[in-house]
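Notes to accompany the following structure.
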Number of protein chains: 2
Amino acid sequence: MVVTDARGAATTLIGDFARRYPGEMAREVERLPDAAAARCLRSLNRPQIAAVLERLTPDTAARVLLRLPDDVARSVLMAIDPARAVSLLDWLDPSAHERYIGMLDPRTAGEIRALAAYPADSAGRLMDPRVTAVREDATAREALTRLRLGRQPAGGDIYVVDSEGRLIGAVTAHDVVAAALTETLGRLSKPRAGVLAVATRDEIMERLSGSAVAALPVVDVEGRLLGVIRGATLINVAQEAASADIQTMVGASRDERALSKVSFAVRRRLPWLHVNLATAFLAASVVGMFEETIARFTALAVLMPVVAGQSGNTGAQALAVTMRGLALREIRPRHWLRIAFKEGRVASINGLAVATTTTAGVWLWSQSPGLAMVIGLAMVLSMLAAGLAGAIIPIGLTVSGQDPAQASSIILTTVTDVVGFLSFLGLATLFAAML
Amino acid sequence: MVVTDARGAATTLIGDFARRYPGEMAREVERLPDAAAARCLRSLNRPQIAAVLERLTPDTAARVLLRLPDDVARSVLMAIDPARAVSLLDWLDPSAHERYIGMLDPRTAGEIRALAAYPADSAGRLMDPRVTAVREDATAREALTRLRLGRQPAGGDIYVVDSEGRLIGAVTAHDVVAAALTETLGRLSKPRAGVLAVATRDEIMERLSGSAVAALPVVDVEGRLLGVIRGATLINVAQEAASADIQTMVGASRDERALSKVSFAVRRRLPWLHVNLATAFLAASVVGMFEETIARFTALAVLMPVVAGQSGNTGAQALAVTMRGLALREIRPRHWLRIAFKEGRVASINGLAVATTTTAGVWLWSQSPGLAMVIGLAMVLSMLAAGLAGAIIPIGLTVSGQDPAQASSIILTTVTDVVGFLSFLGLATLFAAML
């Protein structure tokens, strides 16, 4: 039967592709509806399914898993990195979760339960407990045997522990191969500090900064080696940690995900919206001081958003660049004067340029040289203030021990609105005769 | 002399610390003024200086380098990873740059020049050209000899190439040790795709996503192996790429750094400020439509910033969470309906809550139930629109082939201002009799 042969050939081809490029395959599977994704995976053998499943986003992986036969799901869960298994099982409802864990062999089930006991987002949750370690009194010859029989060491590192299992350092397979066979590992090993299993993602990133290691050993409070966070996981953590600022700056929680529950999102965002409301009333009260001027010249009300918008965006640019510099540790709070000076100059130049365009536009529109002059002046002043505020707010938050991103955008908007309205309406009141 | 002894002891201690914890040492040095930093480093031996210098931020490293004696600078530049040397030398003015390159041995100078020829931020700039590679027809025995004599392979991977130097795959030291000595590497190697030397950071991150590798081989257009990007570099790249969105969303360039030149910052930011100016005039024209209403009720002008501020912040929260989900590939454009539905529900609930507070506050302040009702209604409407816009803008940018972050904040502000002013002033005009 030709059809069957063609199907057979297609299946072989898909299997070959999955074996060689599990990452690419995962990306394709990710695009399919769940039923089709499960069907596609079922045409593969179990190690191939495991390799692809491991590379899917956890929620897709969980939904696909539910559609696989139990015996396949069982062997896949036992084959993948236990940390991946934990994050995947986290997406299942509790009964399905328990059912799958019950199917596993006691060792894997124990590993998964142990990892799941660590707080979400801690080093303990991210580590692979199947770490290659040797005792410090072992010889290079013994380590070679270990290497020959054992699992692939993470990032090529073999960890060296003392008789109590405490982490002493690391050697690479290269070090072991290059050493004399009778050399002990204690002498070959280079010091390597572990990270605590309860360390948060931010603490992990702090530890990695300025370090040249590509895998991170995880220890308990006694210093005993518990596992290793592999390089690929560290890259994921780095991306997640580095992109979280975008959320905290507007008062959304670091922990919220695009598909988080509505109740979670509301609970975390609403308090900051109320803070923002209070500051908005502050800005409104500034406008309120000039109600009489506005009653006489309603054009001021029309142009208010232009001044506030420009200074808001100027401040947001300075804030973004400064905050990122702090996050990447390219600048430190002691650089505040240099940063403020740079941002002040950028804001002045941009302010003069934008003010020129605005003055010309307003002159044409209103035929009032006075109004054009007032808005131009207000713009330069408020953009300068915004640039300085954008530079200083994240540095100030850092110095006072806060996350430099925390609600920085809300604080900045308050500053730019207040300064924008004050300078524009204030100057208008001052030069009222000319309007 | 006790003082000298104490100094000697201190120097030994610092040297020991630098050897064991070069990353920590670099963090301490980073905090010192340049002269003190150079003095501190000069108390170390050259390999120690190299280890610390390699972990400093490039601009600090460059300034410290200028304060080291030429012979020390020379051996340090030859000892560090050439990709680091390139990024460090980039911070020097052209004459100092040429002088240092001229001091190096021809091989290192050639390597540095070759790397510097690649575009900034390309894979070629980031790679270490000193990569461990073996021919596919070599035996495991030959590979072991290579391992014994050669450099530390990146992430434990040894790359396998054909007779033309084209990348075929990778084996780990573990694979080589575990194999029969007569096995050829061609048979042991697992397929591994390289990234092109001209690939951008974003292309590198795209390649890494869903992959479990911790080091990335770099190839030319013929597929010939040129170098390897090490795990620690990949983590830096991941952080930089993931944090760049914060800048693009407000119209600052991805490439701007906190201490970039003023001219560079102005050139990249000013065009977007002008775009923002155009959209601000659009928002102003909406206000202009209601000038008569404002002339009658100046309280409207006072409260305008409150409505715009709340919808702006609500939209920014939805935008931040959605944008991050897209960047981390947790959601895809085809999820748009689910995302919009979630953000719509969050915005409605938050809108009702904030509107209740605002209505009560405005009622107390103005004693006008009509005004309180109008602002409450306007707030719910504009916050709902803002939440939906925040979800849909980054998805729309992605679908149309743009960077989901590019100026998203500027587009969002336009939408929230226009909708905010339109709903507030429109409802006020409609219910003018009740104000």
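Dimensions of the stretch A:302-392 from C-alpha coordinates, computed as largest minus smallest value along each principal axis and given longest first, are 50, 19, 14 Å. Above 39 Å, the calculated P(r) of the protein assembly as shown contains 47 percent of its Cα-Cα pairs.
Remark: the stretch A:161-307 is approximated by an ellipsoid whose semi-axes, taken from the C-alpha gyration tensor as √(5λ), come to 57, 16, 13 Å, largest first. The charge dipole of the protein assembly as shown, taken about the Cα centre with unit charges on the Cβ atoms of Lys, Arg (+1) and Asp, Glu (-1), comes to about 660 debye, rounded to the nearest 20.
Can you give me the orientation-averaged projected area of the convex hull built on the Cα atoms of the stretch A:2-117, in nm²?
Values: hull surface 28.0 nm².
Spelled out: convex hull of the Cα atoms, projected over all directions, averaged, 7.0 nm².
Model label sites at A:Glu292 and A:Ala360, defined 7 Å from Cα along the beta-carbon direction, differ in position by 3.7 nm.
Spherically averaged projected area of the convex hull of Cα atoms, the stretch B:116-196: 5.6 nm².
Across the stretch B:293-333, the convex hull enclosing all Cα atoms gives 60 Å³ per residue. Put in line by how crowded their Cβ is, counting other Cβ atoms within 10 Å and starting with the fewest, A:Phe281, A:Phe290 read A:Phe281, A:Phe290.
For the stretch A:1-141, a simple Cβ point-charge model (Lys and Arg +1, Asp and Glu -1, everything else neutral) yields a dipole of about 300 debye relative to the Cα centre.
Here the 3J(HN,Hα) profile of the stretch A:419-435, calculated from phi with Karplus coefficients 6.51, -1.76 and 1.60 at θ = phi - 60°, is 5, x, 5, 4, 5, 5, 6, x, 4, 4, 5, 4, 9, 3, 4, 8, 6 Hz, Gly and Pro shown as x.
The 3J(HN,Hα) values that the Karplus relation (6.51, -1.76, 1.60; θ = phi - 60°) gives for the stretch B:244-253 are, in residue order, 6, 4, 4, 7, 5, 5, 9, x, 9, 6 Hz. Gly and Pro appear as x.
As a proxy for reagent exposure, ranking B:Met25, A:Met249 by other Cβ atoms within 10 Å from fewest up yields B:Met25, A:Met249. Here, P(r) means the percent of Cα pairs in each 5 Å bin from 0 to the largest distance; for the stretch B:351-423 it is 3, 17, 20, 17, 14, 10, 8, 5, 3, 1, 0. Stokes-Einstein diffusion for the stretch B:212-294 at 10 °C, viscosity 1.306 mPa s, with a Kirkwood radius from C-alpha pairs, works out to 94 µm²/s. Taking only alpha carbon atoms, the stretch B:133-243 gives an Rg to Rh ratio of 1.00, where Rh is the Kirkwood radius. Overall shape of the stretch A:46-199 was characterised from the C-alpha gyration tensor. The equivalent ellipsoid obtained from it has semi-axes of 34, 17, 12 Å, in decreasing order. Amide H to amide H, with H built 1.01 Å from N, B:Val218 comes under 5 Å of B:Val195, B:Leu226, B:Gly227, B:Val228, B:Ile229, counting only residues 5 or more places away or on other chains. For B:Met249, nonlocal amide neighbours, meaning residues 5 or more places apart or on other chains whose placed amide H falls under 5 Å from its own, are B:Ala407. Within the stretch A:274-318, the percentage of alpha carbon pairs spaced more than 16 angstrom apart rounds to 52%. Site pair B:Ser163 and B:Thr12 shows an inter-label distance of 5.9 nm when each label is modelled 7 Å from Cα along Cα→Cβ. Here the Debye sum runs over all C-alpha atoms of the stretch B:19-59 as equal scatterers in vacuum, and log10 of I(q)/I(0) at q = 0.23, 0.31, 0.32, 0.35 Å⁻¹ comes out as -0.67, -1.23, -1.29, -1.42. Here the scattering of the stretch A:177-238 is modelled by Debye summation over its C-alpha atoms, one equal scatterer each and no solvent; at q = 0.11, 0.17, 0.25 Å⁻¹ the log10 of I(q)/I(0) is -0.31, -0.66, -1.07.
Which value, in nm² and rounded to one decimal, describes the direction-averaged projected area of the C-alpha convex hull of the stretch B:281-435?
8.9 nm²
Computed over chain B, the Cα gyration tensor eigenvalues convert (square root of 5λ each) into semi-axes of 57, 29, 19 Å, ordered from largest to smallest.
Tell me, rounded to the nearest percent, the portion of alpha carbon pairs in the stretch B:111-150 spaced more than 16 Å apart.
Roughly 50 percent, rounded to a whole number.
Relative to the longest principal axis of chain A, what angle (0 to 90°, nearest 10) does the C-alpha long axis of helix A:22-31 take? Approximately 50 degrees, to the nearest 10. Between B:Phe297 and any residue 5 or more places off or on another chain, the built amide H atoms are never under 5 Å apart. Taking A:Arg345, A:Arg324, A:Arg84 in turn, the Gaussian network model of chain A (Cα-Cα springs below 10 Å) assigns the largest fluctuation to A:Arg345.
In deg cm²/dmol, rounded to 500, what helix-only [θ] at 222 nm does chain B give when every DSSP H run of at least 4 residues adds -39500 (n - 2.57) and the total is split over its residues?
Details: 22 runs with 290 residues, N = 435.
Helix-only estimate at 222 nm: -21000 deg cm²/dmol.
Roughly what angle does helix A:94-103 make with the longest principal axis of chain A, taking Cα atoms, 0 to 90 degrees, to the nearest 10? Once rounded, one gets 20 degrees.
Values in this text are rule-based calculations from the coordinates and carry no lab data. If you're wondering where the values come from, they're calculated on a predicted model, not measured in any experiment. Cβ coordinates were reconstructed from backbone atoms using ideal geometry, including for glycine residues, and neighbour counts include every protein chain displayed.
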